[in-house]
1. Which whole-number percent gives the relative contact order of the chain, counting Cα pairs below 8 Å spaced six or more residues apart?
2. Roughly how compact is segment 159-203, stated as its Cα Rg over 2.2 N^0.38 Å to two decimals?
3. Using a 1.4 Å probe and ignoring any ligands, DNA or RNA, find the accessible area of LEU268 and quote it in Å² to the nearest 10.
4. Give me Rg/Rg_expected for segment 201-305, where Rg uses Cα atoms only and Rg_expected = 2.2 N^0.38 Å with N residues.
5. Keeping all protein chains in position, work out how much accessible area ILE271 exposes to a 1.4 Å probe, and write it in Å² to the nearest 10.
6. Compute the distribution of all C-alpha to C-alpha distances in segment 61-153, in bins of 10 Å from 0, and list the percent of pairs in each, rounded to whole numbers.
7. About the Cα centre of the chain, how large is the charge dipole given +1 on each Lys and Arg Cβ and -1 on each Asp and Glu Cβ? Please answer in debye to the nearest 20.
8. Based on Cβ point charges of +1 for Lys and Arg and -1 for Asp and Glu, what charge dipole magnitude is obtained for segment 77-172 about its Cα centre, in debye rounded to the nearest 20?
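The values are calculated or read from the model by the stated rules, or taken from the named source; none is laboratory data. Because the structure is a prediction, the values reported are computed rather than measured. Every residue, glycine as well, gets a Cβ built from its backbone with ideal geometry; the counts of neighbours run over all protein chains shown. With ligands, DNA and RNA removed, areas are computed over all heavy atoms of the protein, side chains included. Shrake-Rupley method; radii C 1.70, N 1.55, O 1.52, S 1.80 Å.
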Amino acid sequence: MENRQNGQNGQRPPVGYGGRFWHIWGPFIINWGIGIVVGILAGIAFLGAYIAAHTKEFMASQGDQEALMNIYNKMMEVVLQHTTEIEGVTALITIPVMLFLYCRDRNREKVYGVIPNKKAPAAKYIMVVIMAGTLSLAMNNLIIIGNLSSYSESYEQTATALYSASMGMQILCLGILAPIAEELVFRGLMYRRMREDTGFVAAVIYSAAVFGLFHGNLVQMIYGTVMGLMLAYVCEKYGSVLAPIIAHITANLISILATYFKVYEWMLSNIMLIGMITVACATITAMVFQVMQKMDEKPEKAGEN
């Protein structure tokens with residue numbers, strides 16, 4: 001991969017270590033902060049609603065630490081039951097903030113004469129959908145075959161909480177809003193900013209590792225890191241954050257629908273079947289990757305269309 005080219009308007013002004021740290025990590029910190037605030041406000045709202053509905057129980061528990069702890073645990077169960085909705089609200093707030101930062105970055109690139117990668121034609125986005133879908137199925141199957149979920153209690157709790165919402169809410173919050181927000185944070189901003197300093201390979205690996213760690217448990221770390229490598233790659237090859245957004249939405253929707261319709265359970269009922277499907281998905285992913293490699297994403301010269 002070639003680095004983006006600088007035009008005749010000069011280089012970006014140098015910044016100190018503090019400025020560079022915030023430039024790279026700022027989007028992640030902002031997103032993390034939004035998530036904390038939304039989670040706290042949701043907890044307060046649910047606690048208030050619970051107390052209002054169980055006023056006598058709450059009044060009787062005053063001074064009884066065990067009773068208060070029981071109320072707190074019940075309230076936390078309610079919060080966990082609405083994890084999907086909380087994720088959706090967090091994403092809904094994050095998206096316009098990250099869009100503002102993303103557009104500002106693109107305007108700064110124009111000012112400093114940075115020539116971006118070519119944007120791939122719309123017809124080639126079908127490859128993004130195919131690669132994301134097959135890679136998602138292959139990774140989920142490998143996780144199931146390896147029984148990795150048994151090594152992560154937090155993953156089981158997270159999956160139960162996320163998939164307890166209605167199908168419509170899962171599709172909206174986890175299948176659409178969350179992928180858009182995460183791609184603006186991790187590929188639209190963090191990856192592209194890392195690439196300015198480290199180049200393509202380092203930025204892909206580093207951003208994928210951060211994306212994996214962001215998910216917080218062993219199973220999602222492995223899945224997120226592998227998917228993060230693919231998402232950064234398509235962002236580079238297609239010259240637009242739209243490509244990883246489409247890929248991320250595809251992968252999440254497949255996971256949601258396959259879980260809801262018990263597709264994984266069906267495949268797991270026959271070890272030969274799940275093995276063949278996994279190999280087929282991995283093969284298709286590799287074939288699409290080979291085709292993508294031939295795409296020319298090199299920045300256009302100034303004055304070219």
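1. Details: 335 pairs, mean separation 87.0, N = 305.
Averaging sequence separation for qualifying contacts and normalising by length gives 29 percent for the chain.
2. Numbers: Rg = 15.0 Å, N = 45, 2.2 N^0.38 = 9.3 Å.
The value comes to 1.61.
3. Looks like 80 Å² after rounding.
4. On the way: Rg = 16.6 Å, N = 105, 2.2 N^0.38 = 12.9 Å.
The reported ratio for this selection is 1.29.
5. Using a 1.4 Å probe on the heavy atoms, I get roughly 110 Å².
6. Answer for segment 61-153: a P(r) of 11, 14, 28, 23, 14, 6, 3 percent.
7. 1200 debye
8. Numbers: 7 positive and 7 negative charges, 189 e Å.
Dipole magnitude for segment 77-172 comes out near 900 debye.
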